[in-house]
Protein chains: 2
Amino acid sequence: MSRQFLAEGLELSGGDRGVVAVVAVVALAALAVGYVLLKEVLAAGQGTPKMQDIAKAVQEGAAAYLNRQFRTLGIFVVIVFVLLFALPADDLAERIGRSLFFIVGAAFSATIGYLGMWLSTRANVRVAAAANEEGGREKATRIAFRTGGVVGMTTVGLGLFGAALVVLVYAGQAPKVLEGFGFGAALLAMFMRVGGGIFTKAADVGADLVGKVEQGIPEDDPRNAATIADNVGDNVGDCAGMAADLFESYAVTLVASLILGTAAFGVQGLLFPLIVPAIGVLTAVIGVYTTKAKAGENGLTAINRAFYISAVISAVLCTIAAFTYLPSSFADLNGISDAVKATSGNPALIASVAVIIGIVLAGVILWLTGYYTGTEHKPVQEVGKTSLTGAATVILSGISVGFESAVYTALVIGAAVYGAFLLSGSVIVALFAIALAGCGLLTTVGVIVAMDTFGPVSDNAQGIAEMSGDVHGEGAQILTELDAVGNTTKAITKGIAIATAVLAATALFGSYKDAIDKAVLKTGEVVDGISSFSYVVFTPNILVGITIGAAVVFMFSGLAVNAVTRAAGAIVFEVRRQFRENPGIMDYSVKPEYGRVVDICTRDSLRELATPGLMAVLAPVAVGFGLGVGPLAGYLAGAIATGTLMAVFLANSGGAWDNAKKLVEDGNHGGKGSDAHAATVIGDTVGDPFKDTAGPAINPLIKVMNLVSVLIAPAIVTFSIGDSASDPIRIAIALVATLIIVGAVVVSKRRGTSIADSPAETVSNGAA
Amino acid sequence: MSRQFLAEGLELSGGDRGVVAVVAVVALAALAVGYVLLKEVLAAGQGTPKMQDIAKAVQEGAAAYLNRQFRTLGIFVVIVFVLLFALPADDLAERIGRSLFFIVGAAFSATIGYLGMWLSTRANVRVAAAANEEGGREKATRIAFRTGGVVGMTTVGLGLFGAALVVLVYAGQAPKVLEGFGFGAALLAMFMRVGGGIFTKAADVGADLVGKVEQGIPEDDPRNAATIADNVGDNVGDCAGMAADLFESYAVTLVASLILGTAAFGVQGLLFPLIVPAIGVLTAVIGVYTTKAKAGENGLTAINRAFYISAVISAVLCTIAAFTYLPSSFADLNGISDAVKATSGNPALIASVAVIIGIVLAGVILWLTGYYTGTEHKPVQEVGKTSLTGAATVILSGISVGFESAVYTALVIGAAVYGAFLLSGSVIVALFAIALAGCGLLTTVGVIVAMDTFGPVSDNAQGIAEMSGDVHGEGAQILTELDAVGNTTKAITKGIAIATAVLAATALFGSYKDAIDKAVLKTGEVVDGISSFSYVVFTPNILVGITIGAAVVFMFSGLAVNAVTRAAGAIVFEVRRQFRENPGIMDYSVKPEYGRVVDICTRDSLRELATPGLMAVLAPVAVGFGLGVGPLAGYLAGAIATGTLMAVFLANSGGAWDNAKKLVEDGNHGGKGSDAHAATVIGDTVGDPFKDTAGPAINPLIKVMNLVSVLIAPAIVTFSIGDSASDPIRIAIALVATLIIVGAVVVSKRRGTSIADSPAETVSNGAA
């Protein structure tokens, strides 16, 4: 087994450059298709003036939030840019490229997030308007899904274009530079997921607690001061955050594939991972254009059909590409070490099976998630039934469903990893196969993003319809149906996103190891150093590392849930104040101040994202410099394993509670207003921060921590090997990182307004 | 570093045997002290005939359950006995000893559990009676704590006696035989924890759902058919299950210490781990006898003081013992390899610091758990405050508290492991230091068991008092206070138990590695085989192993929670039926059929424990034989890391909810009967299976899986190394294990009565 993955100085031939150029053109074509879809969406009617007013308020709130978020994150990005520049690199070109493409990755991530928000805040009102017209069901579904198509095409287009550009410019050094690109994308996405997730759920929970529970007014009632914020939240959380997250999944999986591809398959290994997602672009276009609900058909069925059609076409085309482009023997590959050349097996076969494993994995997760969170299957129906014995049994059964589905999803992902791993006896080739399985998953991302964006757009459309009061009868019914379909598609996306995280992280795990081996070789203390670093799994310090990695996932989840309850407390306080000070709100004579709630959400969510964000970046630094590279490897492994389970648990229990509530609202177990309904509303509220804040943020969290580890590995080795003179520096770095984390946690604990504080005041007011 | 931990053929000198004999005498003395305490408890008055009648019903129900449980487990024990006999062993003596002491370990575990149940069902009525007499507070506290003292003394006495006996008989082969002893103890304890946990919470939740929620009658009301079952549950779950669990912790920690001690410190290393807990026996006696509440003092303060006094005395005596018994240089130790002899450092210093780390760890966990679950600290108070915004925020804040406390507890335990690990550069010595830290924890077990037993006895006493209606005024008040103290002591015990699990499991991890190395050496395929097994942490298959290990913890927790809701459903159904068919129950003219509910609990909990039990034993077999020893190591690491976090999360969130309810019942936020109270009752019900079923069972689960892995490691290596002719057998074993697990899960899913099914019928009856 080669200790060096990167074949430095790898040269691209003219033909190779041609292939990359074709990929770049495909990427640009995806952007062009996105533009065509965009025009189509924007050309649709915008409904009544009242609807347009509401939409405008949402647009302004969302834009204001994202602008402020980008300004805040800008500072953070600059700091990381400088630190990244200071980290060891092979030469100046690599150093500059890595930092530069960090910015590019971050900028692309931000752009996609912004576009997702921008478009969905314009599509929502158009979907609502279309539902009101003749043939509304078809028109509304079409606009909602085309909106998703725009975001999907941009995600894959920018991701692929970025990667192709780096390969064209940097060739053999591309992997190193791509680490920066992936890190930038993942970091921005993580912050957007956390910030947007806190915003959307603080507004949602706050609005529900005062509106539905205390005042007994419906969801999205215009008298509730938090409704605009709630709708803004859907766009900045579910649209912007999710789009950035999936872009990041796309980028990081590509990065991992390209890093390992050069070592395993040489030049062809650098190019094949670009070809697979390029095929995915073509099939995504097919998927988006074939999504048409037949008469009397559920929207979800149509979306699923489109997904499966594009998946099958991808599998066929990728297999053809593998057998056309790749040789049937390792000896025929260029630019790999002699050890790999001697590997037995058929590269074309290995690559095609790996890609198919990824595509099948996507299909299985689609099915599993649908089974555990769909209203028509046993798990959600059982959760719904437990509403008859009260909220406690709803919570317990939802938690059981979450645990169980997490286990099965983790086992399925584990089986995919293990299956790809078995494809070759060479560890490098096996790792590349895992990364290629990730590329297989990627071929479905275009359709997945389209499916996901569908959710918040429909949700918002329903909100605008309800607030304006201008959509009635069949139109309202259509929007309710679309909203329910959106709930399930959102849950599915989370499953796919976490699967990409595991595959990419497992592959990155390989590049982490490579980074260490290379750094050890460079120190000149060869054989012994390596074996002492490698001989790790059975020692207690690695076990401590694994425990810390798992603990960070628990901490991050706890912080995210806590941030939501704290921010929601502030909203409850504000909405109550408005009702109290302006009694005219309840009889519609006074309009509530929506803007103030949006401001509170913006301020609080930006403040709250600092602690989990700092922890994600600095915890690997503390563990790596403090305990060493072995425990850091354990840390990553613990975070990946526990993170997978926790992410699926949070997403699926939340999804099951949400749909159990829908089940009761559809007239089961007593229907709306019954005790059973109240019990499921409690379940749904508990699930809100689970499924939309903590759960989805774990995906970028895992990748940020992995990339930080890969980037700092050489520096840790430099400080760890040889004489102990550098120990104080190493320990000082670890201590500073730890202190910053502890400081952030302490500050976030001290914060004022919490849901626990606000009611007390109001209760005393009520008593006065 | 030596590849062989076990110095086979190690001989004990006459002096050595003398030391062991003294330890055995101390162990017998502990049993004698227990007997004296027992006499004292039984001599107390038994109250009114009505109280005695109720107590008798509880005694009969509990005895019937345990007898039936032991008959069921007997079959299982026989099967494991045979399988264990078939596993590879060095010689026949070892083979017989291992299987024989497996039975002894299981029998001791069962005995302690039975004794705990037997005594607590007799002490409860005596505590209730004492509360009614003059000077009731002091008398009742004394009886409750002395009852705990009996169980505590028996736990440490039997554990220490068993280990001393094995060392006397088997000398150098003792570690191998002790694996059987520890496995028997852990396996029985796990089943008793799971079965008892399901029983107690099914009865509790079922009783509350119908009694408190539907009929509006108080807890422990004699009209509720589930009350006797609820009281039986306290005894078979919290007393019998917990006593067996802590005995198992004691035994397995000793086993791990003795295994590693021989390799690290030679003969002295085999004996020192017996001396430390022998000192613990002395200090436990002091602790039990010094627990006296001063006038006006909280019972908890008195118990904490006793704990800290005995901890300090233990630390001092252990340090003296270390410097007296152990030499100051490794060169002066007997029966160790030359490599270890050359280790620098002072054995006496290392041992004493390690033991002190363990004792300090116990103290820190005591404080941490008290902070996160006590009513007088911020976390529970904040959970209590969130009751003003409803059940959803109570659940969310409780989950946040659970996550956070799990992270800090895991980090503290991790710090202790890492601290002990840093004590020596030699991995074996470092592992032994970790095991010795576990022994340090053990010195506090006597007091801890006494503290824990206090809880269910007080709980039961209150139940008997309420049901009989014969305890009034101050007596009732005293019992309420004792019950509240019991809640906190129970939470603390769980924290200590999981800490022992981590320390023992980390140490056992070392013996797992040793078992592999030894087996590899025996195959004759030396150097390469070893290095390929050791070079593991960075490969994807290990990562899959870690994920599966973490997944098993999630699955086990989900199954346990599910079992409770399912069994509770059957209880709800039965209690409702009795109320419906005998309207006379409500006006006290008809006595409910308590026995039927006890029968249902017995039947259901025994049925439900099969699936999690089989999974615990067979999952390591499936992973080990199916994926290999590397992934099995990952599996164990994943299970330990996630298990620690999950166990503490479940225990502490449950404890926080329980005490938040108490806070509201004490008159805060609206008091009993308010909406806030209803919200905290929901939290408490969710917490019930968390803290008393799923959480505490994770501790023996971890140890069972570790010991299974240590025992099967040689067999896996035999099948894995060399030609692939044995691959079919290996894979067949893995497949059979997997199929049994899958079959058990499928069967448990198909089961009839669930909480989701029962209400539907009742609702339709109500409508008719």
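The values are calculated or read from the model by the stated rules, or taken from the named source; none is laboratory data. The model shown is predicted, which means the values in this text are computed figures rather than measured ones. With ideal geometry, Cβ positions are generated from the backbone for all residues, glycine too; neighbour counts draw on all protein chains shown.
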Residues (over 17 Å from A:D666 (Cβ atoms) and modelled with pLDDT of 90 or more) located in the range A:370-396: A:Y371, A:Y372, A:A391, A:A392, A:T393, A:I395, A:L396
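A quick yes/no check of all residues on (1) surrounded by fewer than 24 Cβ atoms within 10 Å (Cβ to Cβ); (2) out of contact with any Ser or Thr (no Cβ under 8 Å at 6 or more places or on another chain); (3) touching a residue at least 40 places away in the same chain (Cβ under 8 Å):
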| position | (1), (2), (3) |
| --- | --- |
| A:A610 | yes, no, yes |
| A:L614 | yes, yes, yes |
| A:W657 | no, no, yes |
| A:G671 | yes, yes, no |
| A:H677 | yes, no, yes |
| A:V686 | no, yes, yes |
| A:T693 | no, no, yes |
If a residue must be in contact (Cβ under 8 Å) with a residue 60 or more places away in the chain and either out of contact with any helix residue (DSSP H, G or I) (no Cβ under 8 Å at 6 or more places or on another chain) or within 15 Å of B:G569 (Cα to Cα) (or both), how many such residues does the range A:366-385 contain? 3
Can you confirm whether the range B:657-680 contains a residue that is modelled with pLDDT of 90 or more, hydroxyl-bearing (S, T, Y) and closer than 22 Å to B:A563 by Cα? no
Which numbered condition trips up B:V412, out of (1) modelled with pLDDT under 95; (2) under 30 Å from B:S314 (Cα atoms)? (1)
Among the residues of the range B:400-411, is there at least one that is under 19 Å from B:L645 (Cα atoms), more than 8 Å from chain A (Cβ to nearest Cβ) and without any contact (Cβ under 8 Å) to a residue 12 or more places away in the chain? no
Report yes if some residue within the range A:654-670 is closer than 25 Å to B:A415 by Cα, within 13 Å of chain B (Cβ to nearest Cβ) and within 25 Å of the chain's Cα centre (by Cα); otherwise report no. no
Those residues that are in a helix (DSSP H, G or I) and within 10 Å of chain A (Cβ to nearest Cβ), I need them from the range B:420-448; list them, please. B:A420, B:F421, B:V427, B:A430, B:L431, B:A433, B:I434
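Rundown of residues vs (1) of a type in the set (A, V, I, L, M, F, W, C); (2) closer than 30 Å to A:H677 by Cβ; (3) within 14 Å of chain B (Cβ to nearest Cβ), yes/no style:
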residue: A:K176; (1), (2), (3): no, no, no
residue: A:G180; (1), (2), (3): no, no, no
residue: A:A207; (1), (2), (3): yes, yes, yes
residue: A:G211; (1), (2), (3): no, yes, yes
Residues of the range A:270-299 satisfying the condition of being within 24 Å of the chain's Cα centre (by Cα) and modelled with pLDDT under 75: A:T291, A:G299
Given the conditions (1) within 7 Å of chain A (Cβ to nearest Cβ); (2) at pLDDT below 85, every one holds for B:N541 apart from (2)
Tally the residues that are within 28 Å of the chain's Cα centre (by Cα) and more than 7 Å from chain B (Cβ to nearest Cβ), restricting the search to the range A:384-399. 2
Of the numbered conditions (1) more than 7 Å from chain B (Cβ to nearest Cβ); (2) in a helix (DSSP H, G or I), A:G414 satisfies every one except a single condition; which is it? (1)
Picking from A:A505, A:A476, the residue that is in contact with a helix residue (DSSP H, G or I) (Cβ under 8 Å, 6 or more places away or on another chain), farther than 30 Å from A:K56 by Cα and among the aliphatic types (A, V, I, L, M) would be A:A505
Taking the criterion of being more than 26 Å from A:T738 (Cβ to Cβ), more than 14 Å from chain B (Cβ to nearest Cβ) and part of a loop (DSSP other than H, G, I, E, B), would at least one residue in the range A:570-585 satisfy it? yes
Any idea how many residues of the range A:588-607 are farther than 16 Å from A:A225 by Cβ and touching a Lys or Arg at 6+ places or on another chain (Cβ under 7 Å)? 1
The correct count of residues that are more than 10 Å from chain B (Cβ to nearest Cβ) and either within 18 Å of A:T373 (Cα to Cα) or part of a loop (DSSP other than H, G, I, E, B) (or both) in the range A:684-705 is 5
Any residue that is over 27 Å from B:G687 (Cβ atoms) and either assigned to a helix (DSSP H, G or I) or not charged (D, E, K, R) (or both) - is there at least one of those in the range B:476-499? no
Suppose the filter is more than 10 Å from chain B (Cβ to nearest Cβ) and either among the small types (G, A, S) or buried (at least 24 other Cβ atoms within 10 Å of the Cβ) (or both); does A:G634 pass it? no
Looking at A:A164, A:A174 in this structure, which one is closer than 21 Å to A:Y35 by Cβ and not in a loop (DSSP other than H, G, I, E, B)? A:A164
Here are B:V648, B:V597, B:V681: which of them is assigned to a helix (DSSP H, G or I), within 28 Å of A:V553 (Cα to Cα) and touching a residue at least 40 places away in the same chain (Cβ under 8 Å)? B:V648
Restricting attention to the range A:548-564, which residues are under 11 Å from A:D604 (Cα atoms) and within 8 Å of another protein chain (Cβ to nearest Cβ)? A:V564
Given the criteria of a type outside the set (F, W, Y) and crowded, with 24+ Cβ neighbours inside 10 Å, does B:A641 qualify? yes
How many residues does the range A:359-383 hold that are more than 16 Å from A:G654 (Cα to Cα), part of a helix (DSSP H, G or I) and away from chain B (no Cβ under 14 Å)? 8
Suppose the filter is in a helix (DSSP H, G or I), more than 10 Å from chain A (Cβ to nearest Cβ) and either on the phi < 0 side of the Ramachandran plot or in contact (Cβ under 8 Å) with a residue 60 or more places away in the chain (or both); does B:G455 pass it? yes
